[in-house]
Amino acid sequence: MMIQPWGKKMMGLVVGGILLTATSLAASDGIQIDQFISPDTCQGCHSEIFDQWETSLHHLSHKDPVYSRVAQFLRKGLTDAGEIDEAESCVKCHTPVGYVTGFPQKVSDDLSKTPEIATQGIQCDYCHSAVAIKQLHNNGLVLKPGQGEDDPGIKYGPFDDCEPDFHDAQYSQLHTSSKICGTCHNVKHVAFGTDLETTYTEWEASAYNSTDPAKKIECQGCHMYQRPGIPATGSTPRPENPGSATDYSDERPHIFTHYFVGGNAVVPGKFGGQAKHQMAIERLQNAATLSVDTSRINRKILKITVANTGAGHSIPTGVADLRQVWLEITIQDKAKKTLFQSGVLDANRELPKAAVIFRTVFGDGNGNAVINLAKARQVLKDNRIKANQRVTQTIDLPVVPGKDAVVTVRLLYRSMSQKVLNLLPGEPFEPFPVVVMAKAQCRI
Ligand code: HEC
Ligand code: HEC
Ligand code: HEC
Ligand code: HEC
Ligand code: HEC
C-alpha cells in the first residue's frame, strides 16, 4: 500500500528526550506481528531508501537461497542436543520479525507459514524500532515498535529535528553506533559459546574504533556511505551524500545509504540487484593491497605481503569459514612456460590443498576440522588479515626461476568454496564468481 504525505500527525511525543523506563526496555517480549509496519508503507515516502534496501541482503536474509540451503545442510543427521539447538537458531537473525513475534522459532518449523511481513527479512520497522541492546551477539536488540499503521509510534534515527507527518521521530545514539550492527554481526554458538562470526569484535579491536572522534569510523561510516561508483572503504574517499530522506522533505548534508553491500556479489544479482553485484566488486577491489618481494628468489624464497587497507574488520569477515580469500601465484619463464603455480582452481573449481587461504576453521573440540558449524566446539585456526594489518607469506619454490621470469600474484575472493557448494542439498548452484581483490606483477 502507498501512504501519502498527509498521513496523520501524532501529537505530544514529537520532541526528543523521552526517558525509556525499565519496563518499556523489556518490550521485545510479547510483541505482536501486526505491530510491525510493512516496508511497502515506508516506501510511500522514503522511496529512494526503499529502493536501495530492496535488493540488499538485509531484505533477502530470509529468502536468500544460499542461506536456506546451508541451513538445511547443517540440520541434516544431527543427534547431539546442543548441535541441534544451534542448527535450529538461524531464524533469530535471518527472519527476525517472525522470531520476535512467535513464528518461526526454529529452522524446522513449516517456513511456508511464515507471515508475509516476516519473509521481508531485516526491514525498516525492525531496525527503526530498536531502543536498546541487551547483548552484543545473537541479535540482542530490544524493540519498541508502534501499534501498526493506525498508530505507528516512534521511529528512531539520526536526526534530532524532524517532524514527520505519519510517525513520530526521535534521535537515537544507538543508530549512529556500530553497536546496532554488532548485535547481529557477532554470532556465538548457542550451546557451546564458540565465536562463529566476530565482525563487531574485530571492528571494536581495530584502529577504526578510535577514541579520537575525527578518526573513528563506525560500520555506518563505510557501509552507509557507499553508493554506485563510491565504494567508501578505509582506503577510498567517503564523501557525504547530500539529499532528502523522503520524496518531499528538505535537503540535508548527508543521507545514510541503505545498500548494505559487503562482499556478496552472488545473491543480490539473483534478485535483480545488478547494481549491487557491481558495488560488491567495487568494495572488494578497494579492501586490500598486495606486494611481492623477490630479493631472496635465488634461494628459492618468494615473499608476498597482503595489507588490509580498506576493511574495518578482518578480511574475510562474517561467515569466514565459508568465504574464501586466497593467493593465486604464477611464475612463468621468458617463453611463458609455467615454472610454479599455487592457488589455481582445478577443473572442478576446487582449490589445491597447498593454497594459501585466509579463513577461519572450526574444530570438534578434539582438534579435528568440521565443516558443519553446528558442531563447532573450538576455533581451530584463524589466519585472516585484521584491519590495518599486513601479513607476509613466505613461499618456498621448488626451482630458481631464471632471469626475466615473471611473477604474478592475485588476491582472490569467492563467497563460498566449491566443496561446500557441492555438499548443499537440491539443484546445484551455478559456480560462484571469483573476484580479483588485488594484483601484483614483477619481473625477476
Ligand atoms: C539494518 C538496520 C536498518 C534497516 C533494515 C533500515 N535502516 Fe534506516 N537507518 C539505519 C541506521 C543505523 C541509520 C542511521 C545511520 C547513522 O546515523 O549512522 C538509518 C537512517 C535512516 C533514515 C534517516 C535518513 C538517512 O538515511 O540518513 C531514514 C529515513 C531511514 N533510515 C529509513 C529506513 C527505511 C524506510 C528502511 C526500509 C526501506 C530502512 N531505513 C531500513 C538502519 C536501518
Ligand atoms: C507519510 C510519509 C512517511 C511515511 C509513510 C514514513 N515516513 Fe519516515 N519520515 C517521514 C518524514 C517527512 C521524515 C523527516 C525527514 C527529514 O526531516 O529529513 C521521516 C523521518 C524518518 C526517520 C528519521 C527519524 C530521526 O529522528 O532520525 C526514520 C528512521 C523514518 N522516517 C523511518 C520510517 C519507517 C521505518 C517507516 C515505515 C514504517 C516510515 N518512516 C514511513 C515521512 C514518512
Ligand atoms: C573502514 C571501512 C569499513 C568499516 C568501518 C566496516 N567495514 Fe565492513 N567491509 C568493508 C570492506 C572494504 C569490505 C569488503 C572486504 C571484506 O569482505 O572484508 C567489507 C565487508 C563486510 C562484510 C562482508 C564480509 C565478507 O567477507 O563477505 C560484512 C558483513 C561487513 N563488512 C559488515 C561490517 C560491520 C557490521 C561493520 C561494523 C562492525 C563494518 N563492516 C565496518 C569496509 C568496512
Ligand atoms: C537483525 C540482525 C541484523 C542487524 C541489526 C544488522 N545486520 Fe547486517 N546482516 C544480517 C544478516 C542476517 C545478513 C546476511 C543475510 C544473508 O546473506 O542471507 C546481513 C548482511 C549484511 C551485509 C552484507 C554482507 C555481504 O556478505 O555482502 C552488510 C554489509 C551488513 N549486513 C551490514 C550491516 C550494518 C552496517 C548494520 C548496522 C547499521 C547491520 N548490518 C545490522 C543481520 C543484521
Ligand atoms: C546472530 C545472528 C545470526 C544467526 C543466529 C545466524 N546468522 Fe547467518 N548471517 C548473519 C550475518 C550477520 C551474516 C552476514 C555475514 C556475511 O555476509 O559474511 C550471515 C550470513 C549467512 C550466510 C551467507 C549467505 C550468503 O548468501 O552467502 C549463510 C549461509 C548463513 N548466514 C547461514 C546461517 C545459518 C545456517 C544459521 C543457523 C545455523 C545462521 N546463519 C544463523 C547472522 C546470523
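The values are calculated or read from the model by the stated rules, or taken from the named source; none is laboratory data. Please read all numbers here as calculations on a predicted model, not as lab measurements. We place every Cβ from the backbone using ideal geometry, glycine too, and count neighbours over all the protein chains shown. We work out accessible area using only protein heavy atoms, side chains counted, and drop any ligands, DNA or RNA first. Shrake-Rupley method; radii C 1.70, N 1.55, O 1.52, S 1.80 Å.
Which order do the peptides 348-355, 132-139 take when ranked by the mean count of other beta-carbon atoms within 10 Å per residue, highest first?
My ranking of the peptides, most packed first, is 132-139, 348-355.
Given +1 on the Cβ of Lys and Arg, -1 on the Cβ of Asp and Glu, and no further charges, what dipole in debye does the chain carry about its Cα centre, rounded to the nearest 20?
Roughly 2720 debye, rounded to the nearest 20.
Compute a Gaussian network model of the chain, connecting alpha carbons closer than 10 Å, and tell me which residue from His59, His254, His46 fluctuates the most.
His254
Just need the Rg to Rh number for the range 22-281, please, alpha carbons only, Kirkwood Rh.
Taking Rh as the inverse mean 1/r over Cα pairs, Rg/Rh reads 0.95.
So for the chain, taking the charge dipole from beta-carbon charges (+1 Lys/Arg, -1 Asp/Glu), which of Leu373, Leu339, Asn298 sits furthest toward the positive end?
The residue sitting most towards the positive pole is Asn298.
Quick one: of the DSSP bridges fully inside the range 121-260, what percent are antiparallel, nearest 5?
If we restrict to bridges inside the range 121-260, about 65 percent are antiparallel.
Quote the relative contact order of the chain in percent (integer), defining contacts as alpha-carbon pairs under 8 Å separated by 6+ residues.
Reported as a whole number, the value is 14 percent.
For the range 47-171, just say rounded, prolate or oblate: build the C-alpha gyration tensor, square-root its eigenvalues into a ≥ b ≥ c, call rounded for a/c under 1.5, and beyond that prolate if a/b exceeds b/c, oblate if not.
Verdict is prolate for the range 47-171.
What are the semi-axes of the equivalent ellipsoid of the range 201-299, taken as the square roots of 5 times the eigenvalues of the Cα gyration tensor, listed largest first and rounded to whole Å?
For the range 201-299, the semi-axes come out at 31, 21, 12 Å.
For the range 131-284, what class follows from the C-alpha gyration tensor (a ≥ b ≥ c being the square roots of its eigenvalues): rounded when a/c is under 1.5, otherwise prolate if a/b is larger than b/c, else oblate?
Rounded, because the longest to shortest axis ratio a/c is under 1.5.
Taking the alpha-carbon distance from Lys113 and a cut-off under 18 Å, which lysines remain once sequence neighbours fewer than 8 residues away in the same chain are dropped?
Partners found: Lys63, Lys92.
Over the chain, one equal point on each Cα, no solvent: what is log10 I(q)/I(0) by the Debye formula at q = 0.06, 0.08, 0.11, 0.12 Å⁻¹?
Log10 I(q)/I(0), no solvent term: -0.29, -0.50, -0.91, -1.07.
Principal axis lengths of the range 287-443 from Cα atoms, whole Å, largest first?
Computed over the range 287-443, the largest-to-smallest principal extents equal 51, 35, 31 Å.
Net charge within 13 Å of Pro231 by Cβ-Cβ distance, Lys/Arg positive one each and Asp/Glu negative one each, not counting Pro231 itself?
+3
Considering only DSSP beta bridges with both partners in the chain, what is the antiparallel share in %, to the nearest 5?
Once the DSSP bridges in the chain are tallied, antiparallel ones form about 95 percent.
Quick check for you: with a 1.4 Å probe and neighbouring chains kept, what is the accessible area per residue of the chain, in Å²?
Heavy-atom accessible area per residue stands at 47 Å².
Compute the distance from the alpha-carbon center of the range 370-444 to that of the range 239-260, in whole Å.
Computed from Cα coordinates, the inter-centre distance equals 37 Å.
Compute the distance in nm between two label points, each set 7 Å from the Cα along the Cα-to-Cβ direction, one at Ala205 and one at Gln441.
For the pair Ala205/Gln441, the computed spacing is 3.7 nm.
Can you tell me which lysines have their Cα less than 27 Å from the Cα of Lys334? Leave out same-chain residues fewer than eight positions away.
In chain and number order, the partners are Lys300, Lys303, Lys403, Lys439.
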